[in-house]
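Below is one structure, written out as structure tokens; comments come after it.
The values are calculated or read from the model by the stated rules, or taken from the named source; none is laboratory data. Model, not experiment: these values are computed from the prediction. Cβ sites come from the backbone with ideal geometry, for glycine too, and all protein chains shown count toward neighbours.
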Amino acid sequence: MGGLASAAKKVIGWVGNCIEKVISWWSPHKEKVNKITYNYVMVNQNVIIQARDKKTVGEIMIIKKEKSQLEDISSENYKTLSWGDRERLDEILALRNY
């Protein structure tokens, strides 16, 4: 388990740092999300251990969990936007040409 825990921390840190470089409001959430993601990986470590491609399964698990946390925080931030900003954002996202 030590190898998995160490590898998970490394990948989680890398993903969190990548998000932080792109999204300014991520910084105050990064450590909390990284802990949530690490616990998620450890609870589901048997899935990784039993996989044929352990590295890829682990990386995808980490990315998907961090992404879901990012989406949750983004939804909360969306609520703080003005009506006009939300309307414009919704129009752009509805085009699905991004």
Verdict on SER27 being surrounded by fewer than 17 Cβ atoms within 10 Å (Cβ to Cβ) and in contact with an Asp or Glu (Cβ under 8 Å, 6 or more places away or on another chain)
yes
Would you be able to say whether some residue in the stretch 82-90 is modelled with pLDDT of 95 or more, among the acidic types (Asp, Glu) and over 17 Å from VAL11 (Cα atoms)?
yes
Given (1) surrounded by 15 or more Cβ atoms within 10 Å (Cβ to Cβ); (2) over 10 Å from the mean Cα position of the chain (by Cα); (3) over 19 Å from ASN77 (Cα atoms), ARG52 misses just (1)
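Of LEU70, LEU93, which residue is exposed (fewer than 12 other Cβ atoms within 10 Å of the Cβ), part of a helix (DSSP H, G or I) and among the aliphatic types (A, V, I, L, M)?
Values: LEU70 fails: exposed (fewer than 12 other Cβ atoms within 10 Å of the Cβ).
Matching residue, one of LEU70, LEU93: LEU93.
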Note on the stretch 7-44: residues over 12 Å from GLY58 (Cα atoms) and small (Gly, Ala, Ser) are GLY13, GLY16, SER24, SER27
- Task: Within the stretch 32-44, identify whether any single residue is of a type outside the set (A, V, I, L, M, F, W, C), over 11 Å from ALA8 (Cβ atoms) and more than 14 Å from the chain's Cα centre (by Cα), and answer yes or no.
- Result: no
